[in-house]
1. Taking every DSSP beta bridge with both residues inside the protein assembly as shown, roughly what % is antiparallel (nearest 5)?
2. Near the amide H of A:E164, under 5 Å away, which other amide H atoms are found, from residues 5 or more places off or on another chain, if H is placed in the peptide plane?
3. So what's the back-of-envelope 222 nm ellipticity for chain A, counting only DSSP H runs of four-plus at -39500 (n - 2.57) apiece and dividing by all residues, rounded to 500?
4. Quick check on chain B: of the DSSP beta bridges with both residues there, what percent are antiparallel, nearest 5%?
5. What is the distance in Å between the Cα centroid of segment B:165-212 and that of segment A:43-110?
6. Using the Cα centre as the reference, give the magnitude of the dipole from point charges on the C-beta atoms of chain B (Lys, Arg: +1; Asp, Glu: -1; all else neutral), rounded to the nearest 20 debye.
7. Looking at chain D as a GNM with Cα springs under 10 Å, which of D:L129, D:L243, D:L170 has the largest mean-square fluctuation?
8. Order of C:146-152, A:190-196, B:278-284, C:90-96 by packing, highest average Cβ count within 10 Å first?
Amino acid sequence: SKKETKKTIGISVDQLFESRVGVIDAAKAELDKNGYSYIEVVADGDPQTQNAQIQSLINQKVDAILVCAVDQNTIETALLAAKKAKIPVVAYDRDLPESEAIDSFVGPDSIADGVEAGTYMAEQLKDENGKVVVLELLGALNDQNGIDRSKGFNEAMAALAHVEIVAMPTDWDSAKALSATQNAFQANPDIKAIFAATDTQIPSIETVLTDLGKMNKVGEEGHVIVCGINGSNDGYEATANGIADGIVVMDLKTTGETAAQHAIALIKGEEIEEKVVIPGIFYTTENIEANKDTIWGAK
Amino acid sequence: MSNGVDPPILSVRNLKKSFSGKTVVDGVSFDIYPGEIIALVGENGAGKSTTKNMLCGLLKPDAGEVFIQGEKVEHIVGYDHGISAVHQELSLFQSLTVAANICMTQLPGSAARVNWKEADDIAQEQLAYLGIDIDTKATVESLGAGKQQVVEIAKALLRADKLLILDEPTTSLTAPERAKLFHIMDNLKAKGVSMIFISHFMDEIYKVSDRYIVLRDGKQVGQGDIDKMPRNQLEALMVGRTLAESKIELHEPEDEEALRVEHLSSYDFHDINFTVRKGEILGIAGLMGAGRTEVAEAIFGIRKAKGCVYIKGEQISPVTIANMMHHHVCYVTEDRKTRGIFSNRSVRENITAANIGGFVRRKIKGLGFNKETEMSQTVIDSMKVALPHMESRISNLSGGNQQKVLLGRWLATEPEVIIFDEPTKGVDIGAKFDIHNMIVDLAKRGAAVLLVSSDLPELLDLTHRLLVMRTGHLVGSFHRKDYDAVNIISLAASSAYEKKTKENAYGDHEESVV
Amino acid sequence: MAIMKNLLFRGKWVAITAATILLALLLAVLSPVFLSVSNIQGVLIQASVTGIMAMGMTFIILTSGIDISVGAILYFTAALFAKLVEISTPIPLAFGAAILCASLLGTLNGFLVVTFSMSPLITTLATYTMYRGMAIHLTSAQNIPVPRAFGFLGNGKIYGIPVPILLFALIFFIGLYLLGKTRFGIYVMALGNSVEAARESNLPVKKITMGAYFLGGITTSISALILLARVGGLQSGMGIGIEFTVIAAVVLGGTKLSGGSGTIIGSAVGAIFLVLIDNGLNLIQASPYIYDIVKGTVLLTAVIVDKVSIERQKKQLHLQKALRIQGVGLEV
Amino acid sequence: MDRYSMTNKPQSKIIRYIVSAFRRYPTIPIILSLLVTFSLLAPYFLTGSNMKTIMATNAVIMIAAIGQTMVLLTGGIDLSISTVISASAILSGIVMAATGQIILGLLTAIGVGLTFGLINGMLVGYCGLTPFITTMGTQLVARGMAFVLSRGIAIKGTPRGMIDFGFGELLGIPYVTMVSLILLVVSSIMVTQTTWGRKVILFGSNRISAKYAGLNTKKIEMSVYVLSGVFAGIAGMISIANLGNALPGVGDTILLMIIGGVVLGGTNMNGGEGSISRTILGVGLLAIMTNGLNMLGIPFYDQLIIQGILIFVGNGLAMKFSSKSDLAL
Ligand SMILES: Nc1ncnc2c1ncn2[C@@H]1O[C@H](COP(=O)(O)OP(=O)(O)OP(=O)(O)O)[C@@H](O)[C@H]1O
Ligand SMILES: Nc1ncnc2c1ncn2[C@@H]1O[C@H](COP(=O)(O)OP(=O)(O)OP(=O)(O)O)[C@@H](O)[C@H]1O
Ligand SMILES: [Mg+2]
Ligand SMILES: [Mg+2]
């Protein structure tokens, strides 16, 4: 019915935080470049709000929807409504594996990312003797990406029989990560390695290690192995400075751009891939500087 | 000041105040000279407290002029101008100490460091001046109402260099304490402090004041010297009609017992026993804190107590409010504001609160409030409540009318045993007259009445028998024919125990009473 | 008699202190490392953030107010500081700006509450939403690192004592002094007892209210900076939700939500108590899923114990009174 | 009597009615102006489907707000309402997944709500604990329960019927909206037309006077928490219908919306004043506002700022009108 007006794409965001903003910004730039307009709505972590917002995007007759679900299991109702209204849907950043309503997913494979970090850590720890305690800082207990990262990490670590993993919830909150790390070290003073579900918590880990006098850099005697996932500036700096051993860096830019391209292609009726995994890349202290340009958080 | 006639300490011209369009004070003008006591009288809602609030700076007048020692003042700041007030409702800070309360308006020491030692001394000095011994380090909430009233007065006195306004200061005081207060007022007067005295007790007004001002519906309808004004004329001026001679005719009670209390004890009182027959009015006299209220509340089931309560010979067990109400017992509290009314609800809802079921005729079971308005109206009419509208908040009514609503609420439950606790506290003479007649009428119709009051004349007028309580004990019992005010008061006040331990502040009052 | 009463009303912190000691004993039994110096130190550091905020919140609640916007103030303050440092403002200047700004936001709360006589809960709910929006607006939800040099505030030690603990202690003593010795302190208590009576006593009600909320703001800014220093940078949503922990600490400490009665000591102990729960759960490596259940249960238990102890004290007083009345006898 | 007769100015009945309506519902002018503004600026705002969306997606909040209104009427507060929604959704989800029975699920949800309501009611009503801190405790317990039972992940396997119910509509009105409308009407009748409702309001106005007037204050106070729990349970059920699955964190984020909506409507947090109809308007205002601001494309963070200002202004108006009004509402 609309003649030569700009096509509009609805972007539904679960919550605003740094890495999410990175993806959205990339998607928006791509849409701008191709002459599409967009409506951005933020659910602020509430699944019902998100459903309402998707409904409202449908009511506004957007031409496609990009969605990062607050929860993969409770978005379906709203997305089916979009499907009914013949609006193509692309999920980004958070997979909706069982959804019948989405046309495509673009984003990470969090299990794989977890495995990558875990594999590296397992490699470092395999020669240790006796029981080895590893601290895992969990994301939020109800966040699929957090759960998957943990799953992957544990899978990889399962290779080592002498490793005991102590898990602490953080709700993605650095302050909670800080006290959890502090308390974990009280209970297990000989923690050998720490895995952070998001590398933005590495400065908190550093604070605790400094408190305890254990802040030894990579390669130094008594170094505590630290790995994380994300690719924020915190993670980059820590790895570059030898505080952390390595981080899995997400490719936010490609995620955002690809998601936007998929939406455009769907509007145009073109064929697209149903699932595009944008893998995270593991960088260590050695090679992170050299790849600074590909790390979204690096400033 | 020394040259002949002093200028008036305060002059007021044409003071006006209205609340949401309703004028409640309309053209009050007077002068008050040093050392003078003016009685401000009028019915409930006449605008006395509102006038007081304007004079001490709590309310801004809508119109009118105020001169303090001849100088025009735009905005009164009570304490700075040497004007302070004892408010009708206690305005104390319950969880703070007596010393902090008394000195709150003028804390010694600097802002960064209050000198609590000095504050304590000041407080002790004030209390010593009032001649009452209260522990200045105790919290106010640990004091009885009588002592709290004293603290309130001490607090006001601290800043009353020129003018002290006393808004119904005696409503919660008993005779000896009132005498003490008047003594204090005399002292102040001698020091040149002027006073405005608001009260509904005509005896007191004639006893203490030099001049009077009468308010009616906010208008100043008369002022002059009190000696030249006959009492019945002053009353007529206040209410706008001549009050009938208040001749109370008591009926002979029936023989059947209505309420019997046996061995009632709690931490506030000890081994209370008495019987009230149908049609009988039994009074309880005593000082503040004697435990009368506690006994009354224990009978009604509000407080826990050991012992037995019988209604018409049947023992009530357990003694709960629900059970007592079921047996047609009711209790009208002395503390109207915090224990009686629902201040932000309508008059209608306040009337029907105690037995909503009795006011409605429902078409569908359990739903709706049909006829509530009509039936409430009959209560309002029979109690002669003056009010703007049945749907107005009860807090918009004057104290006397609130009291009538409260009485109406309970009388609508068709009680057979009625416990009144200070039923005319703060009520104007007209309304008091009505309430007295109502109580006598209730007894005449067969109800048993237990009347707790601090107003001795009221007790002497209304009751068949009188019990006297002191520190939780029943210490005396009088029949109407043996009534003797001096005897009753000294019995209520004297106590060998209290003299021994010197704990009680009122130990030395017998002399001042007589 | 009066002494007993004073103990009853002033000694409200006794219950929470007893509960804290009991919990500590329990943890000492459950976990051998609990009583180590470094763990105690860790507990105190963790308690310092909420504890400092609880000092300010105590004043607010004592006036019978409440401020649920403090979490958002924390976020905004941290954001402002990080942003200012990012655009290379000198640290002291940024520091001052952050503290000033938080004080202003707190005072604004007080101003709104007292001027429009609206319920403090709904007023600060409105400002919570606003301040949070402002913080995200300011930072576009970005994480902003702060220089490690600034970490001294979170990590540093003076005479071997961690700076956050020192600040906590300092502010605790200032609070103690303010409440107990100054005119403002007694005014706050008075206001919480009865606004009506405070007006009639000609107390500067407006100034007192704004002062209390100002303290809420300024303590929040200090906590914000400590937290920022410790976590190494700003995170989106930082501090959001902390208000309930802070309020819980104050209320557990025996301060009445209706105002007019409470202590600084109680609030400080309350903050430590709450941290102990987390610390204990971490130490015994409880399943992450049961944290909330344990916390909720402990909270409820603490409230019930508090209530029971108050009831018992009341009963004792009554008993004494009864004995006295019985002892009077009938001497006419 | 005569001194008051002067003040009863003869006014036209209609004007009086309108004036009193605005006093009772100070949110009406704001809602009207928002509706006009949004309709003019956002082309899709005033469409049937959008209105339907607003109503359906806010059903959970609306239902929870009913319970919260009752609690606030007594001068209390129920912070646990949000996570009780989650807990009942999870348990009911588990039951439904296991049995496929919607009725069993509904009973479970109500049962969970009832249980938490009873706990709150006992602690607040009978033991006299402070509502704020008590319900803060049960809030954590309920949240923990939801997470323990679900391990943080949504409970899947919701019966088809439940999902259809979430989608379905009758005469253009979604079923979930109908449920909330029915509950609103019933609860409004309970509050305004029954003795119980009257007692709740009187209790909230002055709990001591209520005791002295012979009302069973403990029972009254307890009952509102129980009802609040039950409504939370039903809300949990509706959340499953809306979302398709039971989610452990579903209630976490909506607490402030619930309380904000109720108070914005003009229910006094100190008790004794307020109504369900005010709550409808308050929650409705928040819902319309967020929807409209989204449609106008206002960034999320600026929406927060506007929302804060509106809550403030709305409540300010409510206080101003109700304190001035002579009518006890
Ligand atoms: N804040 C207020 N808002 C509205 N009306 C008020 C207010 N304060 C007082 N009034 C009304 O003003 C009138 C005068 O009240 P005021 O308290 O001055 O009476 P009073 O003479 O002191 O009566 P009483 O003997 O009962 O104390 C009353 O009708 C009262 O209802
Ligand atoms: N220490 C106290 N703490 C709390 N309430 C008190 C205290 N002392 C008295 N009260 C209450 O205040 C009210 C008025 O106290 P008052 O001094 O009149 O005592 P009372 O025992 O009621 O005396 P009366 O014999 O005059 O009725 C009573 O209801 C009483 O229970
Ligand atoms: Mg008066
Ligand atoms: Mg009494």
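Nothing in this text is a laboratory measurement; each read-out follows from the coordinates by a stated rule. A quick note: this is a predicted structure, and the numbers were derived from the prediction, not measured. Positions of Cβ are generated from backbone atoms using ideal geometry, with glycine treated the same way; all protein chains shown enter the neighbour counts.
1. Here the share of antiparallel DSSP bridges comes out near 45 percent.
2. A:V132, A:V133, A:V134
3. When only DSSP H runs of four or more count, the value is -12500 deg cm²/dmol.
4. About 55 percent, rounded to the nearest 5.
5. About 79 Å separates the Cα centre of segment B:165-212 from the one of segment A:43-110.
6. Value, rounded to 20: 1440 debye.
7. Maximum among the listed residues: D:L170.
8. Descending mean neighbour count gives B:278-284, A:190-196, C:146-152, C:90-96.
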